[in-house]
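The block underneath contains the structure these notes are about, expressed in structure tokens.
The values are calculated or read from the model by the stated rules, or taken from the named source; none is laboratory data. If you're wondering where the values come from, they're calculated on a predicted model, not measured in any experiment. Positions of Cβ are generated from backbone atoms using ideal geometry, with glycine treated the same way; all protein chains shown enter the neighbour counts. Side chains included, ligands, DNA and RNA excluded: accessible areas come from the protein's heavy atoms. Shrake-Rupley method; radii C 1.70, N 1.55, O 1.52, S 1.80 Å.
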Amino acid sequence: MTKLPIGMLPRGLTREQAAEYCGCDSTEAFDAWVRRKIVPPAMPGTRRWDRKAIDRALDRHSGLVEAAGQSFEEWAAQHAD
């Protein structure tokens, strides 16, 4: 149960929430998307996925956003611990 206002989604998603958010049928299917780099891995040092990072990755993967610009891997390398 969440204490967020109705309609407000959490930014940091659990694995199960991230899988559901992406429309995956299971967490195993979501894990395969992570391995295939369709969506980014959990935020460094956490077991949470950034909802906005998932959105950005899916936008790029579906062609909604031009591939030009910084990739997730480039961004992650710059923000590594």
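Report, by residue number, each residue of the range 1-16 that is open to solvent by 60 Å² or more (accessible area, probe 1.4 Å) and aliphatic (A, V, I, L, M).
Met1, Leu4, Ile6, Met8, Leu9
In the list Ala42, Ala19, Ala29, Ala53, which residue meets the criterion of being open to solvent by less than 50 Å² (accessible area, probe 1.4 Å) and outside any helix (DSSP H, G or I)?
Unique residue meeting the criteria: Ala42.
Using beta carbons and a limit of 9 Å, which pairs, at least six apart or on different chains, have the first residue in the range 7-24 and touching a residue at least 40 places away in the same chain (Cβ under 8 Å) and the second one open to solvent by less than 40 Å² (accessible area, probe 1.4 Å) and of a type outside the set (A, V, I, L, M, F, W, C)?
As it stands, the answer is Arg11/Asp50; Leu13/Asp50, since those pairs meet every condition given.
Which ones in the range 4-16 are assigned to a loop (DSSP other than H, G, I, E, B) and either in contact with a helix residue (DSSP H, G or I) (Cβ under 9 Å, 6 or more places away or on another chain) or among the aliphatic types (A, V, I, L, M) (or both)?
Result: Leu4, Ile6, Met8, Leu9, Pro10, Arg11.
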